[in-house]
Amino acid sequence: MEDETLEFALLAWRDDGRWRTSQLPDDATTDIGVVLDALRAQQVDGGAIAMLSIDDQFFIIIRQIGAKMQMVLSDVMTALDYEIAAEVLELSDIDFPEEDDADEPAGDLNIFADLGLDAMELQMICDDDEMYPDEQLEVISRRIGFGDEFVELVEKL
């Protein structure tokens, strides 16, 4: 993609022991409600995961298992410029950042601890300034078990 940012939203879930992915509607990258509705509709054992790469600046991960919802925003400072990032902070009951705060992830960094990705490793992925958000999400998806499915879907975008 020349001169374009890679912006996407996808859904991942396990079905009969196998990971599945699907693209979420384009407006999911600007409307958190679209993402939450898709997660609620995908009620499977182990829950569903939404991954959003936004404007080559940050990513959002939301995981819903039953009534439990966990969220991660890769850079808290993006809430100053992006409404969807601010909504993640609000839904997660996290304080809004100040102009001089540090760039750091926000939310439940233990979101994938049960899948083998602990909070410290997720923090390191978020802190890696050498990777774009889509690359960070690929690393995360590989660590938790659906990297090939992730890459296959993103290449179709």
- Note on the structure: Rounded to the nearest 500, the 222 nm mean residue ellipticity computed for the chain from DSSP H runs (n ≥ 4, each -39500 (n - 2.57)) alone is -9500 deg cm²/dmol
- Task: Note down the relative contact order for the chain as a percent, whole number, built from C-alpha pairs under 8 angstrom at least six residues apart.
- Result: 19 percent
- Query: Does segment 99-157 classify as rounded, prolate or oblate by the C-alpha gyration tensor (a ≥ b ≥ c root eigenvalues; a/c under 1.5 gives rounded; else a/b over b/c gives prolate, otherwise oblate)?
  - Reply: oblate
- Query: Of all the accessible heavy-atom surface of the chain, with the other protein chains kept in place and a 1.4 Å probe, what percent is carbon and sulfur?
  - Reply: 41 percent
- For Rg and Dmax of the Cα atoms in Å, which listed value, (1) 17.5, 59; (2) 19.8, 60; (3) 14.4, 47, comes from the coordinates shown? (3)
- For the chain, give the magnitude of the charge dipole about the Cα centre (Cβ charges: +1 Lys/Arg, -1 Asp/Glu; no others), in debye to the nearest 20. 1320 debye
- Message: Pairs of alpha-carbon atoms within less than 8 angstrom and 6+ residues apart define the contacts here; what relative contact order does segment 30-95 have, in percent?
- Response: 24 percent
- Note the full-extension length gain between Asn110 and Glu90 as 0.36 nm times their separation in residues minus their Cα-Cα distance, in nm to one decimal. 5.3 nm
- Item | Surface accessible to a 1.4 Å probe, per residue, for the residues of segment 38-157, Å² | 51 Å²
- Note on the structure: Stretched fully, the stretch from Asp129 through Asp31 gains (0.36 nm per residue minus C-alpha distance, one decimal, in nm) 32.7 nm
- Ellipsoid semi-axes in whole angstrom, largest first, where each is sqrt(5λ) of the Cα gyration tensor of segment 48-108: 20, 13, 9
- Message: Using alpha carbons only, how many angstrom separate the centre of segment 24-49 from the centre of segment 97-157?
- Response: 18 Å
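The values are calculated or read from the model by the stated rules, or taken from the named source; none is laboratory data. Keep in mind it's a predicted model, so treat the numbers as computed, not measured. Cβ: placed from backbone, ideal geometry, glycine included. Neighbour counts: every protein chain shown. Just the protein is used for accessible areas: all its heavy atoms, side chains included, with ligands, DNA and RNA removed. Shrake-Rupley method; radii C 1.70, N 1.55, O 1.52, S 1.80 Å.
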